[in-house]
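The values are calculated or read from the model by the stated rules, or taken from the named source; none is laboratory data. Please read these numbers as outputs of a predicted model, since none were measured by experiment. All Cβ positions, glycine included, derive from the backbone under ideal geometry; neighbour counts span all protein chains shown. What goes into the accessible areas is simple: the full protein's heavy atoms, side chains included, and nothing from ligands, DNA or RNA. Shrake-Rupley method; radii C 1.70, N 1.55, O 1.52, S 1.80 Å.
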Amino acid sequence: MLRHMIAWRLQEELLGGLDASTRTLLRQTSIPRPGRPPVGSRITREYRGVLHQVEVAEKAFVYRGRPYRSLSEIAREITGARWNGPRFFGLRTVNVLLSFAQFERELSGERIRDKIAASKKRGMWMGGVPPLGYDLPTDPTTRALVVNCAEAEQVRMIFETYLRLGSVGAVEAYLSAAGVRSKAWVNRDGQPKGGKLLARGALYHLLRNRLYLGEIVHGDNVYAGAHPRIVEPELFSEVQSLLNEQRRVRRERPTRAATMPLKGIIFDAAGSPMCPSFTHCRHGKLHRYYVSAPLQQGRSAPKDPDLIRRLAAGEIESLVRDELLRLTNAAADAALETMVGALKRIDVEAREVRLTLARSMLRRSALVELETSDAHPTLAILTVPIRCKLRGGRSWIIAAPEGAHRPRPRIDRALVRALRVAHKSAAGMGWRATDGTLTRIDAKAPTSPYDRKVCRLAYLAPDIQRAILEGRQPLGLTLERLMREPIPAGWVDQRRAFGMP
């Protein structure tokens, strides 16, 4: 120890010791002072046979009906000596106990992890859903998986089929037609689980699973398992070689997914994601598309006239960029990649594109023409009418001509609710909505400024009110706008102000 001290001193004089920031961090690693208990808490302490109780108020501590600024003052009042209040009432001890409890939890977790590692090193199955081909252990001593003969034949068939077809996608289609399904089991609640068609991801995992060689994997280590193998090493090795060969070919292909700025946020009318896809024409020109995931996976899609399954990327990206330039403060020559952060979701249908945007990233003046999302008030929705041209199974967006199409009715629940409240409030003042007659002359207007603003909605033009109830109101006609802007008395002026045809 003395040697270390001397070495530290010599090096400290030569190179310098701990800087101020490091010393500060070291001081912060000590047991922190306990925070103020929440308001309404009661702190008790028995001292010399007398139970003392303190109630935590908002800005004081109340002891025997008298407020004190700190617990230390109360401790001195009780003991007649100088005491640290949190220590006297045991708050610091509680903090120490919590620290030890956290240490015990970490120590227990470390012991469990070590036990699992040691058990796997002995080849034991340490729980979870058993893979296809095996059943749960029946011997608690060895905890070895039990071979399911029927499923083991299926596993061997999957390995051999992959070698024969050479493609995981082809294996998926073959197994789907043959009716081969995943592992089926019953959970602790008695509910059946599994038993579904094997997807590509599950097949990749199955073909890479070294459990079928009679081995147990733990992290980067592989141990001999207590269970028997159901796939021969030669067959497993051939499958791994083919998988590695295909992976290398795939990685060597030039990837262009980075050129698709809308990936991950664009969806079709059925709610399925539209993924990047590429193809080359005879002259080598690259064409980019967004394709529905079910179509890429070879699955059938529901028959829906609004469902677009393959969309040319250039047109949709141009449309989205133009709208973002109009709604944000981006420069006129800004690329779509620099503005895509304002987008949360894009839904593409045959006659409209619906953009879900973050309100905080849009220009304030642009918010008046957007709908507020029902899911979250921090999001806004813009519906853009479009026309699509279908050619060769692919869709191209053509700008919708003026008046060619209006978006489908979308009822603004908040606006409809406010309109109904407005009529109820107007009726309370004696106003009759059927003919506008005032049946009482002694009624008073609502006292709240908010209620007075809401009440104005009852005096909108009838066609505007009907459009609101049917969800056909203009995009910019929102409750926020009606509450903020003056509502003209004339209906013609109202239609002109709110963009009604």
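Based on the Cβ-Cβ distance from W185 to L286, what FRET efficiency comes out when R0 is 45 Å, to the nearest 0.05?
0.45
For the pair A178/D451, report the inter-label distance in nm, with labels modelled 7 Å from Cα in the Cβ direction.
7.4 nm
Can you list which of the trypsin sites (Lys or Arg not before Pro) found in the range 124-209 are DSSP loop residues with at most 13 other C-beta atoms within 10 Å?
R188, K196
Reachable lysines from K444, Cα under 22 Å, same-chain residues fewer than 8 places away excluded?
K424, K453
If the reach is capped at under 18 angstrom between alpha carbons, list the lysines near K263, excluding any in the same chain fewer than eight residues apart.
Filter leaves K344.
Please enumerate, by chain and number, the lysines with C-alpha under 29 Å from the C-alpha of K121, excluding those fewer than 8 residues away in the same chain.
Cross-link targets: K183.
Could you rank H205, H218, H227 by how accessible they are, 1.4 Å probe, largest area first?
Greatest to least solvent exposure: H205, H218, H227.
Can you give the relative contact order of the range 112-270 as a percent, counting alpha carbon pairs under 8 Å and 6+ residues apart?
Dividing the mean separation by the residue count of the range 112-270 yields 22 percent.
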